[in-house]
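Derivation of every value follows stated rules applied to the coordinates shown; laboratory data play no part. This is a predicted model, so every value here is computed, not measured. Glycine gets a Cβ as well: all are built from the backbone with ideal geometry, and neighbour counts include every protein chain shown.
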């Protein structure tokens, strides 16, 4: 299923992962190790699962991998919200905005894939 054509969701999720890495480093500098690691794992996993979906063996496999990416995005949103709501953590609202765009796109992809 993979093509050489630029794929928006792959691009956005990769760029998001890079920003999550940088934000996790900020958290680690402030000794927020547990949340930093959880956020790093879930935030980078979104793009990894989307990338893996590009090589799916079937449409069902593709949808399954995209659903895993959606679950990782939901978990990432949880950790970002915790940081936002905790008074001793630095918030990063732009990450939540970018994540929402990614979640919306993943949802549309899943719905479209199921109807084809």
In deg cm²/dmol, rounded to 500, what helix-only [θ] at 222 nm does the chain give when every DSSP H run of at least 4 residues adds -39500 (n - 2.57) and the total is split over its residues? -28000 deg cm²/dmol
Hey, how many Å between the Cα centroid of region 22-66 and the Cα centroid of region 71-102? 13
Calculate the spin-label point distance for residue 25 paired with residue 114, positioning each point 7 Å from the Cα along the beta-carbon direction, and give it in nanometres. 3.9
Stretch residue 10-residue 60 to full length: gain in nm at 0.36 nm per residue minus the Cα-Cα span? 16.1 nm
Could you give the nm distance between label points at residue 100 and residue 33, where each point is 7 Å from its Cα heading toward the beta carbon? 3.4
Ellipsoid equivalent to the chain - semi-axes via the Cα gyration tensor, in Å: 28, 13, 11
